[in-house]
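As structure tokens, the structure follows; a few thoughts come after it.
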Amino acid sequence: MVISTERTGAVEKASHAERREDLLKVARRVFADRGFQATTMDDIAKEAGFTKPILYQYFESKIELYRELVNQTASKLLASLREAVDAVDSPRAKIEVAFRVYFEMVVEETDAFRILFIHSHEGETRGDLRNVELGLVSFMEPLIAVRIKPDHRRQLAAGVVGIAEGAATAWLIQQEGKGWPTPRPGVAERLAARSATLAWGGLRTVQLD
């Protein structure tokens, strides 16, 4: 039987992609437990059951691996937010659904947000959280349907993002203090409702410029 080189190449490519994704999953868990500074490539390789040279075949450095995880989280979150917001019409509904999607992801993908919010960002990773925040602020700006100046709108968008980030961080810290129990049913909805109520209560009182 003759196996085409094209098919063999496709299988090898799929295998490479699958192993790379498996390594990202392991790295996400290790970074979430230890933080960027305390984690080494040896730690990740050992946890994944590979040698460090094999890990370096997929990622050139620890910072590259870390940033791919952060970018994955940001890209998935923004894509989910856009899809959900596009499905509703009123300004309030858009704010509410944005909070719901945000907290659903925080609760379902805790390790990803532990990396962002629980561990300190310094040195090489100093700007990574800031970039995620700026992306969320830019997403939120057009949802604030008030006739105000662009600078004012961006400040309000940053405030809304701050509410979400602050509530998420507080919840993660509470979970950490309890030993990371399985989240209770409906917790994402409750976090979203509380945050949306606070944000909308402030936005509806905004004075026109």
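Things to note:
- Shape category assigned to the range 67-203 from the gyration tensor of Cα positions, a/c cut at 1.5: oblate
- Residues considered: Ala112, Ala157, Ala145. Largest GNM mean-square fluctuation over the chain, using C-alpha springs under 10 Å, is found at Ala145.
- The chain, dipole about Cα centre (Lys/Arg Cβ +1, Asp/Glu Cβ -1), debye to the nearest 20: 480 debye
- Selection from Leu116, Val26, Ser15, by position along the positive dipole direction of the chain (Cβ): Leu116
- The charge dipole of the range 121-187, taken about the Cα centre with unit charges on the Cβ atoms of Lys, Arg (+1) and Asp, Glu (-1), comes to about 340 debye, rounded to the nearest 20.
- Förster-model FRET efficiency, 25 Å R0, Val187 and Lys76, C-beta, rounded to 0.05: 0.80
- Top of Glu104, Glu60, Glu96 by mean-square fluctuation, Gaussian network on the chain, Cα under 10 Å: Glu60
- Comparing mean-square fluctuations of Gly135, Gly35, Gly179 from a GNM of the chain with C-alpha springs under 10 Å, the top value falls on Gly179.
- Per-pair calculated FRET efficiency, R0 = 45 Å: Ile173 and Ser90 via Cβ, rounded to 0.05: 0.85
- Across the chain, the longest piece that holds none of the trypsin sites (Lys or Arg not before Pro) lying in DSSP loops with up to 15 other C-beta atoms within 10 Å covers 1-125.
- FRET efficiency estimate (nearest 0.05) - Cβ-Cβ, Ile63 to Asp22, R0 25 angstrom: 0.80
- Degrees, to the nearest 10: 187-203 long Cα axis against longest axis of the chain: 40 degrees
- If you take the Cα centroid of the range 60-111 and the Cα centroid of the range 117-186, the two points sit 10 Å apart.
- Extension gain (nm, one decimal) between Ile148 and Glu108, 0.36 nm per residue minus Cα-Cα: 10.8 nm
- Pairs from Lys62/Lys94; Lys62/Lys149; Lys46/Lys178 whose Cα-Cα separation, in the structure shown, is over 30 Å: Lys62/Lys94; Lys62/Lys149
Every number here is computed from the coordinates shown, using simple stated rules; none is lab data. A quick note: this is a predicted structure, and the numbers were derived from the prediction, not measured. Methodologically, a virtual Cβ is constructed for each residue, glycine included, from the backbone with ideal geometry; neighbour enumeration extends over all protein chains shown.
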